[in-house]
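Quick notes on the structure that follows.
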Amino acid sequence: MRSLFSTSTDALPLIPPLLGRAISPLPLPPLEFVLNGFLDRILSRNPQIFDRLGPHAGKRFAIKPTDLPFIFVIEAAAQRPCLSVVRELSADADAQISSSMANLLALVEGRLDGDALMFSRQLAIEGDVEAVLALRNAIDDARLDMAAEIGGLFGPLGEPVRRLLGAARDAILRSAQLQDRLS
Amino acid sequence: MELICPAGTPSALKSAIEAGADAIYCGFNDETNARNFPGLNFSRSELSEAITFAHGRGVKILVAINTFPRASALELWQRAVDDAVKAGADALILADIGLMDYAARHHPAQRLHVSVQAAAANPDAIAYYVETFGARRVVLPRVLSVPEIAAITREVSCETEVFVFGGLCVMAEGRCSLSSYATAKSPNMQGVCSPASHVAYAQTAQGVSSRLGGFTINQFAPDEPAGYPTLCKGRFSTELGAGYIFEDPVSLDATRLLSGLRDAGVSALKIEGRQRGRAYVESVVRHFRHALTALETGGEADVTRLKPFTEGQASTLGAYRKTWR
């Protein structure tokens, strides 16, 4: 897997504000239901994530896409992993990680380097920095492919979904690289 | 020149191999190595698998056991040496004289390298490690100019290895206690410089402030590039004014010095960054593989390519090209 920064110094595109506002009123429980299935699948297929999380496995990570009106709160406990979607950050999160949705997805896939995003101020962390570091290293080692993981939720339609999402992802990455070359 | 690449996880190790590493250095997931960070490093079984994987692709594995043992816990470090040898490590990177003595006595056939943490920066110091323990290579501290590296390399009877990219430690490596004063944890004995457990960031209207062990050590304006939360790269107010008093947040990038390092007789080039992600490892290793190929073929390397990965979004030639004396 080639990293994005192998050719790009530019930020990935943001979700248009209009789209963010349009999806803001959507009910959250259906999204939570789908994302919990997604989280279960990732953690059950990649149990080594818990080894690397170590004592931080039960902590609550608030993932805040800066271009979406939602916050994802993940509790990666081995026995009962849980993901909730909220509109306002609750005070009981151990750590908060903020960046654009595209950056967060690229981080999860290991296409971006977390330290580089911190240096360029595209990523902000608050709270338990040690837990965030453990999470970053656990995810980076897992070599997740989000298109394949989401595709896996769709049963017999999984392969076409994976191809569609993979093509969309690659198009976004290519557009960022093109913008960089033109700038 | 051999390209020595960092790996903090088995996945990063595979990325380094795919990108063109000749050798990879890594460590166990405990305080025996100088990058003892949460979620990082290798278990015993991961190291064995990594060595089998790397050797199958003609790549060497160097195991860093480069912290200094506590007198009350020598066994932890000695076991690390035994386990790395048993796993088939191509070399051990050691800093402590006692541990090097242990390795030389118990595993006389094992290749030993002197870690940068040993701060062996002159021919006499290096000769001691070579003559006493049979060390085959020394990793030189990042405080020497290229002519000084050339002079040392001519005089010593072992190989020399130098850093070409990444975090730039300008202190006497293995001796610096700045972080210890703020956190009560030691970079040299526990492998944690600025441990994440003692780091805190606060987002404010003025930007982000970084704290270490409760001390505010820097504040970055909203669009100002940032660096690691280390005291040596902190910004302080003194009688002489406010600013960086040890060093700026900046990364070493010696891409443009490769021919000089080759002419100096250097055997191996090292990339810092076992704490970094796969994207860093893949991109930086690939860059230097291309640069070394360009060096052989008379081509030119892109010297700006790695800027996104640099601390403070800035690079330096550091002491390699000294301008202050």
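All of the numbers you see were taken from the coordinates with simple rules; none came from a lab. Nothing here was measured: the structure is a model prediction, and the numbers come from that model. Glycine also receives a Cβ, built like all others from the backbone with ideal geometry; neighbour counts cover every protein chain displayed.
Summary table below
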| read-out | value |
| --- | --- |
| Computed label-point distance, nm, for sites A:Q48 and A:T66 using a 7 Å Cα→Cβ extension | 3.2 |
| Gained length - B:A71 relative to B:A109, 0.36 nm times residue gap less alpha-carbon distance | 11.1 nm |
| GluC sites (Glu not before Pro) within the stretch B:277-307, DSSP loop, no more than 15 other Cβ atoms inside 10 Å | B:E300 |
| MRE, 222 nm, helices only [DSSP H, n ≥ 4, -39500 (n - 2.57), over chain B, to nearest 500] | -9000 deg cm²/dmol |
| For A:A95, distant residues with modelled amide H under 5 Å away | A:R60, A:A62, A:D128 |
| Check: chain B dipole with +1 on Lys, Arg Cβ and -1 on Asp, Glu Cβ, in debye | 220 |
| Cα centre as origin, Lys/Arg/Asp/Glu Cβ charges: the protein assembly as shown dipole, Debye | 420 |
| 3J(HN,Hα) from dihedral phi, the stretch B:301-313, Karplus parametrisation 6.51/-1.76/1.60, rounded to Hz, x for glycine, proline | 9, 6, 7, 9, 4, 9, 3, x, 8, 7, 5, x, 6 |
| Which of A:M118, A:L153, A:P47, positive extreme of dipole for the stretch A:36-183 (C-beta unit charges) | A:L153 |
| Table column - 3J(HN,Hα) (Hz), the stretch B:255-263, Karplus curve with 6.51, -1.76, 1.60, x for Gly and Pro | 3, 7, 9, 4, 5, x, 5, 4, 5 |
| Virtual spin-label span in nm between B:Y244 and B:D302, 7 Å along Cα→Cβ | 2.5 |
| Computed over the stretch A:14-144: relative contact order in percent, which uses C-alpha pairs under 8 Å that are six or more apart | 27 |
| The stretch B:193-286: chymotrypsin sites (Phe, Trp or Tyr not before Pro) in DSSP coil with no more than 15 other Cβ atoms inside 10 Å | B:F246 |
| Reachable lysines from B:K60, criterion Cα separation under 26 angstrom, eight or more residues apart if same chain | B:K14, B:K86, B:K270 |
| Cβ-defined net charge surrounding B:D90, 9 Å radius [Lys, Arg +1; Asp, Glu -1] | +2 |
| Kirkwood hydrodynamic radius over Cα pairs of the protein assembly as shown, then Stokes diffusion coefficient at 37 °C and 0.692 mPa s, in µm²/s | 138 |
| Shielding by partners - mean other protein chain Cβ count within 10 Å, residues of B:39-47 | 4 |
| Residues whose placed amide H lies under 5 Å from that of B:E2, excluding near-sequence neighbours | B:A268, B:L269 |
| Shielding score for A:130-142, defined as the mean number of other chain Cβ atoms within 10 Å | 6 |
| Likely footprinting exposure, A:T66, B:T238, fewest C-beta neighbours within 10 Å first | B:T238, A:T66 |
| Cα-based shape type of chain A, given that a ≥ b ≥ c are square roots of the gyration tensor eigenvalues and the cut on a/c is 1.5 | rounded |
| Potential extension, A:V34-A:A77 segment - 0.36 nm per residue separation minus Cα distance | 13.7 nm |
| Check: the stretch B:25-99 dipole with +1 on Lys, Arg Cβ and -1 on Asp, Glu Cβ, in debye | 160 |
| Cross-link table B:K185/B:K233; A:K64/B:K307; B:K185/B:K322, entries beyond 22 Å C-alpha to C-alpha | A:K64/B:K307; B:K185/B:K322 |
| Residue order, fewest to most surrounding Cβ atoms within 10 angstrom, among B:F68, B:F53 | B:F53, B:F68 |
| Inter-label distance for A:F154 and B:R79, nm, one decimal - labels placed 7 Å from Cα along Cα-to-Cβ | 4.9 |
| Packing-based exposure ordering (other Cβ within 10 Å, fewest first) of B:H290, B:H198, B:H55, B:H113 | B:H55, B:H290, B:H198, B:H113 |
